[in-house]
Amino acid sequence: MRLDKFLAESSIGRRKEVRIYIKEGKVKVNGQAVTEPAVEIEENSDVIEYLGKVVEYTGKVYYMFNKPAGCITAREDAVHKTVFDFFADLKMKGVFHVGRLDKDTEGLLLLTNDGAFEHKLMYPEKHVEKTYFFWALGSLSEEDKKQLEQGIYIGKDEMPTKPAKIQVENCGIYKDLKDETAAKELCKIDLNHYNQPVVSGYLTISEGRKHQVKRMLKAVGCYVVYLKRVSVGELLLDESLEKGQYRPLTEVEILNLLGQCE
Ligand code: URA
C-alpha cells in the first residue's frame, strides 16, 4: 500500500495533508525518514511513525452521527461546539464530515476518512437524494408544491433548483394542530405565532446548496423553524441514536450508499 494512503486511512489527515507531512520529513518507515508519498509499504509488518509516534492502521472509517442543534459542522471553532466535540474518544484527525448541516439543523450527518466516498455522495451529478423533515411558518398551496417539485429560483445569479419532492404531513393553524405539543417543543414557536398557519413535511433534494431547504421554502413564503435531515440516499437516520450519538456504518450500508451513486 502507498504510504500516503496508509496514513490517510489511519486518520492522520486527508490524502493531500499527509502528502505534505511526508514531504516535510515528519514520517519514518522502519526508523528512516521517507519523503516520497508514493513509496510502497507493507502495512502488516513495516513500522510507520508520524512525528515520532507509531501509527496504528485503522483502515477506512464511516460514521453516522445524529447531529443535535446548536453545534456547527466544522473541525474546530473558537466559540461554538463542533460536531467533532462529540467524537472526543476517537482518533478523528483525518476524518471529515460529508457535507454540512446548519447550526440549528439536526439529524443525519456522515463522517469518514474516505475521500472517494465523500466525493461520490457530494458530487452534484450523482444526484444522491437527501430528505429533510421541516416545520415552517406559512402554508403550501398546490402551486407552491408544484414549484418546489419542478425547480425554483432561490437566489440572484443562481440556477433554479433541481426537481425536488415535497410531502406535506401537517398543515393548519398552529394552535389547532393535533400534535401541537410536539410542534411547540420542536419549533419553539412563541405565543405571538399562536394563530399562524404552520406546515410540516418532508422535502427531498439532490443538491447541496447553502441553506437550500430553508431558501426553497422561503421562496414559496414559508419560514423554517425546525429542520432535521432524515436520510441520505436510502440510508435512514438510525432513530435509536440519541441526539449527539454516533455509530459506525455497517458494511451493507456503506456498499448500498456507494452502489446507489454509481
Ligand atoms: N438545507 C438547509 O437549509 N439547511 C441545512 O442544514 C441543510 C439543508
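The values are calculated or read from the model by the stated rules, or taken from the named source; none is laboratory data. Please read these numbers as outputs of a predicted model, since none were measured by experiment. Reconstructed Cβ throughout: ideal geometry from the backbone, glycine too, with neighbour counts over all protein chains shown. Calculation scope for accessible area: heavy atoms of the full protein, side chains included, ligands and nucleic acids excluded. Shrake-Rupley method; radii C 1.70, N 1.55, O 1.52, S 1.80 Å.
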Problem set entry | Reachable lysines, given that their alpha-carbon falls under 26 Å from the alpha-carbon of K175 and they are not under 8 places away in the same chain | K145, K184, K188, K214, K218, K228
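If you roll a 1.4 Å probe over segment 1-89 with all protein chains in place, what percent of the accessible area is carbon or sulfur?
Working: 2280 of 4810 Å².
Carbon and sulfur: 47 percent of the exposed surface of segment 1-89.
Could you calculate the FRET efficiency of Q167 with N44 from 1/(1 + (r/R0)^6), where r is the beta carbon distance between them and R0 is 35 Å, rounded to 0.05?
Numbers: r = 50 Å, r/R0 = 1.43.
For R0 = 35 Å, the calculated efficiency reads 0.10.
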Problem set entry | Farthest toward positive dipole pole in segment 12-58 [+1 Lys/Arg, -1 Asp/Glu at C-beta], among A33, I12, S45 | I12
Exercise. Tell me, what is the percent relative contact order of segment 61-107, built from C-alpha pairs under 8 Å that lie six or more residues apart?
Worked result: 50
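Taking each pair of different alpha-carbon atoms in the chain once, compute 1/r for the pair, average those values, and report the inverse of that mean as the Kirkwood hydrodynamic radius in Å to one decimal. Don't skip to the answer; put the middle values down first.
On the way: mean 1/r = 0.0488 Å⁻¹.
It works out to 20.5 Å.
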For this session: Determine the per residue accessible area of the chain with all protein chains present and a 1.4 angstrom probe, expressed in square angstrom.
Result: 54
Problem set entry | Gained length - E17 relative to E251, 0.36 nm times residue gap less alpha-carbon distance | 81.6 nm
Problem set entry | Kirkwood Rh, angstrom, segment 50-91 [1 / mean 1/r, Cα pairs] | 12.6
Problem set entry | Separation in nanometres of the label points that stand 7 Å from Cα toward Cβ, at H127 and M1 | 3.5
Exercise. Anyone know which of V232, V47, V98 comes out most mobile in the 10 Å Cα GNM of the chain?
Worked result: V47
Exercise. What is the count of Lys pairs in segment 26-96 whose alpha carbons sit under 27 Å apart, if the two are 8 or more places apart or on different chains?
Worked result: 18
Seminar exercise, completed: Ratio for segment 3-54, C-alpha Rg to 2.2 N^0.38 Å, reads 0.95
Seminar exercise, completed: With every protein chain in place, the accessible area of E125 for a 1.4 Å probe, in Å² rounded to the nearest 10, comes to 120
Exercise. Under 5 Å between amide H atoms, partner at least 5 residues away or on a different chain: which partners does G107 have, H built in plane at 1.01 Å?
Worked result: K67, R229
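Can you tell me how much longer the chain between N30 and Y223 gets when fully stretched, taken as 0.36 nm per residue apart minus their C-alpha distance, in nm with one decimal?
On the way: separation 193, 0.36 × 193 = 69.48 nm, distance 5.90 nm.
Using 0.36 nm per residue and subtracting the Cα-Cα distance, I get 63.6 nm.
Taking Cα pairs under 8 Å and at least six residues apart, what relative contact order does the chain come out at, in percent? Don't skip to the answer; put the middle values down first.
Numbers: 505 pairs, mean separation 56.8, N = 262.
Value for the chain: 22 percent.
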